[in-house]
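Okay, structure first, notes after.
Since every read-out is calculated from the coordinates, none of them should be taken as a lab result. From a predicted model like this one, the values you see are computed outputs, not experimental measurements. Don't worry about glycine lacking a Cβ; one is built from the backbone with ideal geometry, like all the others, and counts go over all protein chains shown.
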Amino acid sequence: MRDHPDPRGTELELLGQYLDYQRETVLLKTDSLSREQLARPHPPTALTLGGLLNHLALVEDDWMEVRFLGLPEREPWAGVDWDADPDWEFRTAGELEPEQLRRRYRDACDRSRLATSEAGSLDRLSARTLRDGRRFSLRWMLLHLLEETARHAGHADLIREAIDGDVGE
């Protein structure tokens with residue numbers, strides 16, 4: 001269920017609430033669809049709803065756990081040869097059942113929420129650096145996750161409408 005952000009929330013609360021709203025929007029767009037529907041591309045794009053869910057699970061795990069906290073990659077991402085198969089998460093999503101994809105994404109979001117709550121401050125810096133060598137703050141990362149998730153929620157909205165005509169927020 002999507003909850004509207006509290007207009008009196010703190011900066012940390014509002015970033016989390018807006019991000020959660022977008023996360024729930026993506027999940028809503030996949031609700032009640034079959035494996036085949038989640039795996040169906042709609043030209044001219046090769047994007048699928050299942051691929052978007054899998055990608056966003058990777059984004060949550062990679063940015064929060066690997067880059068921000070400095071933890072090793074977890075399965076199923078560990079061991080993927082990203083140079084040989086840069087779209088692995090999109091390509092393999094069609095092999096998973098809808099609830100597996102939704103659970104993978106929910107679990108990644110739960111891990112991100114926990115890490116955010118334990119970080120202590122929006123000013124806390126990442127364990128790893130960006131490509132240019134700079135470390136980033138929790139604030140920057142949450143804004144990045146919000147932007148990425150919202151952009152893909154828009155994609156999901158269009159793809160869902162192409163699948164069965166379902167439209168909405």
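Using the 10 angstrom Cβ neighbour count as an exposure proxy, how do Phe68, Phe90 rank, fewest first?
Details: Phe68 25, Phe90 19.
In increasing order of surrounding Cβ atoms, one gets Phe90, Phe68.
Just rank Ser137, Ser32, Ser126, fewest to most, by other beta-carbon atoms within 10 angstrom.
Values: Ser137 16, Ser32 9, Ser126 20.
If I rank by nearby Cβ atoms, fewest first, I get Ser32, Ser137, Ser126.
Set the Förster radius R0 to 35 Å, insert the Cβ-Cβ distance between Leu71 and Asp164 as r into 1/(1 + (r/R0)^6), and round the FRET efficiency to 0.05. If you can, show how the numbers build up before the last one.
Numbers: r = 39 Å, r/R0 = 1.10.
According to the calculation, E is roughly 0.35.
Quick one: which residues, 5+ away or cross-chain, put their amide H under 5 Å from the amide H of Leu47? H built at 1.01 Å from N.
Result for Leu47 returns His42.
In whole angstrom, how far apart do the alpha carbon centroids of the stretch 1-59 and the stretch 91-152 sit?
13
For n ≥ 4 DSSP H runs only, could you compute -39500 (n - 2.57) per run for the chain, divide by its residues and tell me the 222 nm figure to the nearest 500?
Details: 6 runs with 91 residues, N = 169.
Result for the chain: -17500 deg cm²/dmol, rounded to the nearest 500.
Would you kindly compute the Cα radius of gyration of the stretch 11-164 and its largest Cα-Cα separation (Dmax), both in Å?
Both quantities, over Cα of the stretch 11-164: 15.5, 45 Å.
Return the long-range amide H neighbours of Arg135 (sequence gap of 5 or more, or a different chain), with a cut-off of under 5 Å between placed amide H atoms.
Amide H neighbours of Arg135: Leu130.
How would Val167, Val59, Val26 line up from fewest to most surrounding beta-carbon atoms within 10 angstrom? Each step should come with its number before you reach the end.
Working: Val167 9, Val59 19, Val26 23.
Result, fewest neighbours first: Val167, Val59, Val26.
Hey, what angle do you get for helix 11-30 against the long axis of the chain, alpha-carbon based, 0 to 90 degrees rounded to 10?
10
With a 10 Å cut-off between alpha carbons and a GNM built on the chain, which of Asp107, Asp123, Asp132 moves the most?
Top of the fluctuation ranking is Asp132.
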